[in-house]
1. Going through region 171-198 one residue at a time, which ones are modelled with pLDDT of 90 or more, in contact with a strand residue (DSSP E or B) (Cβ under 6 Å, 6 or more places away or on another chain) and in a strand (DSSP E or B)?
2. Right, residue 47: surrounded by fewer than 19 Cβ atoms within 10 Å (Cβ to Cβ) and modelled with pLDDT of 85 or more or not?
3. Considering each residue of region 139-163, count those that are in contact (Cβ under 8 Å) with a residue 24 or more places away in the chain and exposed (fewer than 15 other Cβ atoms within 10 Å of the Cβ), and give that number.
4. Can you name every residue in region 399-426 that is modelled with pLDDT under 85 and over 22 Å from residue 448 (Cα atoms)?
5. Output the residue which, of all residues in region 418-437 that are exposed (fewer than 12 other Cβ atoms within 10 Å of the Cβ) and over 32 Å from the mean Cα position of the chain (by Cα), is nearest to residue 388 (Cα to Cα).
6. Does residue 98 fit the bill of being out of contact with any helix residue (DSSP H, G or I) (no Cβ under 9 Å at 6 or more places or on another chain) and at positive phi?
7. Checking residue 51 against (1) over 29 Å from residue 98 (Cβ atoms); (2) touching a strand residue (DSSP E or B) at 6+ places or on another chain (Cβ under 7 Å); (3) part of a loop (DSSP other than H, G, I, E, B): exactly one of these is not met. Which one?
């Protein structure tokens with residue numbers, strides 16, 4: 001990126017504070033724009049300017065990502081975040097000249113091609129009867145601590161640790177500014193198992209040169225001894241053959257009651273596996289109903305990422321997400337299928353044809369409570385034209401928990417049909433609703449199909465019975481047990497579907513309404 005040097009700006013906010021800017025995408029403008037800087041806020045004081053473009057968030061190149069993906073990266077950073085920023089004029093000139101703005105994330109090689117930026121590594125050690133098999137040293141005049149005296153064949157050597165690796169984190173806690181004695185004490189107090197984030201000499205040099213914050217989110221997990229599992233399943237005539245439960249005093253969604261010989265059993269699922277992702281979409285923090293709905297939307301094929309208890313505890317120790325494993329498998333060169341890579345038996349096809357389940361033609365009634373942060377979605381449309389739809393649903397926000405999804409068509413607001421209302425009228429209805437909002441919405445595909453059939457979209461359509469098809473063959477005795485764990489066992493045709501609104505939480509995220517000309521999110 002010769003001639004165009006981004007600014008590196010790190011922001012920190014206190015509890016209840018924002019970073020002090022709007023992140024926007026605008027019609028006719030390229031990039032992720034900084035707008036509406038708060039006078040005296042963290043962003044303005046750090047040197048951000050109106051119109052600046054964000055190129056990277058915590059080292060991840062974001063210029064080609066969607067607005068919502070960049071928003072998630074910033075939100076998931078917590079109280080501190082590092083940006084690479086290019087001023088407006090430089091950004092536009094670079095785009096006009098076809099400059100590769102992602103150069104900072106790639107390393108040139110001799111033949112003109114590029115390779116991926118080097119990654120730090122997560123290493124997990126279990127102490128043997130004697131020691132871990134390494135020492136740490138500090139270098140006079142150089143910040144940081146480094147690995148030394150790595151015993152060949154010892155626990156550290158087997159765990160991927162090399163001499164001169166720089167120590168960045170111990171059990172998810174950054175130790176770059178800690179003293180030698182402080183780090184030694186942390187290691188002694190860690191017990192039998194410990195997780196390190198390390199950077200070898202090349203990786204350390206690369207991120208220092210790029211002045212990029214390094215964390216577990218950038219790490220390779222290839223050295224970790226316990227692996228998440230990827231289960232590819234094809235639904236049989238009796239479903240996938242498992243229950244999905246929420247367990248008392250445990251966070252997450254758990255696999256239970258696996259039927260022997262079922263697709264779930266053949267794919268390697270085990271009792272009490274924690275579900276991490278469905279078809280590559282992380283489900284941590286989702287309501288039970290939303291996870292069930294996500295599996296149902298997969299149709300007759302589903303891919304689950306799961307972790308057993310030991311693997312889950314290991315990742316949590318390093319404050320790392322098992323999604324790192326998914327991304328590494330996905331990005332590997334010419335990878336075998338996930339089941340082959342994990343030496344799992346491929347799911348057998350059912351002996352008899354399974355008819356494809358038809359899409360349920362029903363709207364959704366979504367209820368949500370507003371807080372000072374709002375509802376957590378954008379209302380999009382063209383000003384003055386009827387027909388409004390949802391965009392930028394904030395993950396974990398009030399709308400997300402209520403079941404609202406991107407591209408849902410808004411049919412009713414607080415019982416008032418708005419299909420023929422223009423953007424300003426719908427915005428006014430939402431703003432006048434106070435602290436509680438109820439919307440009848442429909443997936444775009446469902447909306448179009450119902451309209452093509454001449455069906456009026458009203459709440460009456462919600463009264464029809466339906467299925468929850470995580471497991472289509474229900475055991476009679478299980479049918480009588482509706483537990484607090486909210487089993488994902490399907491209802492029979494005689495049982496009406498639980499309304500999605502039953503899962504609505506009162507927690508919320510930011511909300512805004514916008515025309516198609518601009519979208520913004522307040523941090």
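The values are calculated or read from the model by the stated rules, or taken from the named source; none is laboratory data. For clarity, every value in this text was computed on a predicted model and none was experimentally measured. Every residue, glycine as well, gets a Cβ built from its backbone with ideal geometry; the counts of neighbours run over all protein chains shown.
1. Passing the criteria: 194, 195, 196, 197, 198.
2. Considered against the rule, which asks whether it is surrounded by fewer than 19 Cβ atoms within 10 Å (Cβ to Cβ) and modelled with pLDDT of 85 or more, residue 47 comes out as yes.
3. Selection size over region 139-163: 1.
4. 424
5. The selected residue is 420.
6. Judged against the criteria, residue 98 is a match.
7. (1) is the only condition that residue 51 fails.
Yes/no matrix, rows are residues, columns are (1) assigned to a helix (DSSP H, G or I); (2) surrounded by fewer than 15 Cβ atoms within 10 Å (Cβ to Cβ); (3) touching a strand residue (DSSP E or B) at 6+ places or on another chain (Cβ under 7 Å); (4) not assigned by TED's automatic domain parsing to the domain that holds residue 240:
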| position | (1), (2), (3), (4) |
| --- | --- |
| 291 | yes, no, yes, no |
| 295 | yes, no, yes, no |
| 302 | no, no, yes, no |
| 310 | yes, yes, no, no |
